[in-house]
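Working notes, beginning with the structure itself.
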Amino acid sequence: MDTLTLVLAALATARLTRLITADRITEAPRNWIIRQLPRESLLSYLLVCAWCSSVYVGAGMGAAWWAWGDARWFAAGCAALAFSYATGWLSGREGGE
């Protein structure tokens, strides 16, 4: 378990959190789930609150890093998500978002 994979896993956590809470590609399933829940459901809040969701996504990613941090497939998956997050962040800073 090296530091680079840990950093990639942290960036992957940010990307997955955004995917769950804000990305348009997951908007339809997110809205469907929210409509199925009671009005003041904590789960529906969790699906739109990045700060809240990141705790759970981070816990899962931390456990995955602990279990598979030495596996190349895990590092490659984290790298893909990290690169996606970095690209989105950079394009947003250029005014592309």
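The values are calculated or read from the model by the stated rules, or taken from the named source; none is laboratory data. No experiment lies behind these values; they were computed from the predicted model shown. Cβ sites come from the backbone with ideal geometry, for glycine too, and all protein chains shown count toward neighbours. Side chains are part of the model used for accessible areas, which takes the heavy atoms of the whole protein and leaves out ligands, DNA and RNA. Shrake-Rupley method; radii C 1.70, N 1.55, O 1.52, S 1.80 Å.
Brief remarks follow.
- Largest GNM mean-square fluctuation across 58, 69, 77, computed for the chain with C-alpha springs under 10 Å, falls on 77.
- Longest to shortest principal axis, alpha-carbon extents of region 5-97, angstrom: 42, 36, 19
- Carbon and sulfur %, accessible surface of the chain computed with the full protein complex present, 1.4 Å: 65
- Relative contact order (percent, whole number), the chain, Cα cutoff 8 Å, 6+ residue spacing: 45
- Dipole magnitude (debye, nearest 20) for region 1-87, charges at Cβ of Lys, Arg, Asp, Glu: 260
- Under the simplified labelling scheme, the residue 73-residue 43 pair shows an inter-label distance of 2.9 nm, with each label point 7 Å from Cα along Cα→Cβ.
- Once the 1.4 Å probe is applied to the protein heavy atoms, the chain comes out at 71 Å² accessible per residue.
- Given their separation in residues at 0.36 nm each and the Cα-Cα distance between them, residue 6 and residue 56 gain 16.3 nm when the chain is fully extended.
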